[in-house]
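Enquirer: Have a look at this one before I ask anything.
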Amino acid sequence: MTMKDEIPFLNQMPFRPYKRFVSTSISPADYYTYVQLSAITAGAEEEELLAIGGRLAVLQSIRRHISAFDPSDATYAYAPAWVKLKPYLVQAGLNPVNEHTTLSDIKSFLDAYDPSNVTSRLSTLTPASNYQVLANMIGDSEITSVFDPYLENSSLCTLSTILSFGRGGIAKGIRLLGSADKANGPIPRLTKLGLDAWLKECKGELRVLPTGSKEHRRFLLLSDGKSLIIGHSLNAFHKNEAVRVEDGSSDTTFFEEMWSRATPLL
């Protein structure tokens, strides 16, 4: 759909996207006043929007965070596109998002929000929210590499569950870097057989660092060049720990160095 095709839908985007319709009974005597006040309010709202660039400027701000935001899916309050946007607004600091939230609010918070440097906190008490927080941080990106010295077979289930809460994905050729410590012992927690089926679909590769490696960092490298740093392992996900997204340059360099030292899991 071209921008020209989107304009009719764009013009229908409600000024208060989270204000649900509530039926109201108005007496005939009050009807004229009600219509007059509604017109004055609508006019003031449109002037407010025009002062910040109009609905097109709002759409552009939204698409810097959700490139697939579709105005044809946003023509009424709580339309699907607004529902999908809501977690991003909360993450940007607009909380609560309710019937008072306006397009002006949405634009101002999203413009001030820098997703390249975001910190959140997980909790043992909110497992579902923990998945959603990580999914939001990943956004539309793909996970290209995983560095977790405590990586186990079960970690991949956690990774898949996180992605099921958002729009991100697994990159073809994903690289997983774990530790030989988890591949040893009476009951190894990291096995080639356990990972082969998962890696086969995305044609990825697993390598392990030598037994006794002192590395404790855990992070995911994303296709947009960012690094999602996790304060704990994917195999023990629901803890009171901080997670953050930042520029991935240094973590990419570190990963490449560790990858060159690691060996395939046999």
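Any read-out appearing in this document is the output of simple, stated calculations on the displayed coordinates, not a laboratory observation. Since the structure is predicted, the reported quantities are computational estimates derived from the model, not experimental observations.
Enquirer: For the pairs Lys107/Lys226; Lys19/Lys84; Lys172/Lys192; Lys84/Lys107, note any where the Cα-Cα span goes beyond 21 Å.
Expert: Values: Lys107/Lys226 23 Å; Lys19/Lys84 15 Å; Lys172/Lys192 19 Å; Lys84/Lys107 16 Å.
As for pairs spanning more than 21 Å Cα to Cα, those are Lys107/Lys226.
Enquirer: Would you calculate the convex hull of the Cα atoms in the chain and tell me its volume per residue in Å³?
Expert: Details: hull volume 40.7 nm³, N = 266.
Dividing the Cα hull volume of the chain by its residues yields 153 Å³.
Enquirer: Next question. Report, to the nearest 10°, how far helix 127-138 tilts away from the longest principal axis of the Cα atoms in the chain, using its own Cα long axis and a range of 0 to 90°.
Expert: Long axis of 127-138 versus the principal axis of the chain: about 90 degrees.
Enquirer: Next question, about the same structure. What are the ³J(HN,Hα) couplings of region 203-213, residue after residue, when phi is run through the Karplus curve with 6.51, -1.76, 1.60 and θ = phi - 60°? Round to Hz, x for glycine and proline.
Expert: 6, x, 9, 10, 10, 10, 7, x, 4, x, 4
Enquirer: Could you list log10 I(q)/I(0) for region 1-149 at q = 0.10, 0.21 Å⁻¹, which the Debye formula gives when each Cα is one point scatterer?
Expert: For region 1-149, the Cα-only Debye profile gives -0.45, -1.41.
Enquirer: Moving on to the next point. State the dimensionless ratio Rg/Rh of region 64-199 (Rg: radius of gyration of Cα atoms; Rh: Kirkwood radius).
Expert: Working: Rg = 18.5 Å, Rh = 17.3 Å.
For region 64-199, the value is 1.07.
Enquirer: Nearest 500 deg cm²/dmol is fine: what mean residue ellipticity at 222 nm does the chain get from its DSSP H runs of n ≥ 4 alone, each adding -39,500 (n - 2.57), divided by its residue count?
Expert: Working: 9 runs with 112 residues, N = 266.
Here the helix-only value at 222 nm equals -13000 deg cm²/dmol.
Enquirer: In addition: Kindly express, to the nearest 10 degrees and within the range 0 to 90, the angle between helix 192-202's C-alpha long axis and the longest C-alpha principal axis of the chain.
Expert: Around 40 degrees separate the two axes.
Enquirer: Still on this structure, please answer the following. In the chain, what % of DSSP beta bridges are antiparallel (nearest 5)?
Expert: On the way: 18 of 28 bridges.
Within the chain, antiparallel bridges account for around 65 percent of the total.
Enquirer: Binning at 5 angstrom from zero up to the longest distance, how are the C-alpha pair distances of region 84-134 distributed in percent?
Expert: 4, 18, 28, 22, 16, 10, 2, 0
Enquirer: Next question, about the same structure. How many times 2.2 N^0.38 Å is the alpha carbon radius of gyration of region 224-263?
Expert: On the way: Rg = 12.2 Å, N = 40, 2.2 N^0.38 = 8.9 Å.
In units of the globular-protein estimate, region 224-263 measures up at 1.36.
Enquirer: Another question about this same structure. Rounded to whole Å, give me the distance from the Cα center of region 192-259 to that of region 113-182.
Expert: Answer, in whole Å: 9.
Enquirer: If amide hydrogens are placed 1.01 Å from N in the peptide plane, which non-local residues have theirs closer than 5 Å to the one on Glu142?
Expert: Gly169, Ser223, Asp224
Enquirer: Now a separate question. Compute the acute angle (0 to 90°) between the alpha-carbon long axis of helix 80-91 and the principal axis of greatest extent of the alpha-carbon atoms of the chain; round to the nearest 10°.
Expert: Taking Cα atoms only, the helix is inclined about 70 degrees.
Enquirer: Remind me, what semi-axes does region 142-266 give for its equivalent ellipsoid, largest first in whole Å, using sqrt of 5 times each Cα gyration tensor eigenvalue?
Expert: Values: eigenvalues 81, 54, 47 Å².
Equivalent-ellipsoid dimensions as semi-axes: 20, 16, 15 Å.
Enquirer: Tell me the Kirkwood hydrodynamic radius of region 1-80 in angstroms, computed as one over the mean inverse distance between distinct C-alpha pairs. Kindly include the intermediate steps, with their values, before the conclusion.
Expert: Details: mean 1/r = 0.0693 Å⁻¹.
One over the average 1/r among Cα pairs gives 14.4 Å for region 1-80.
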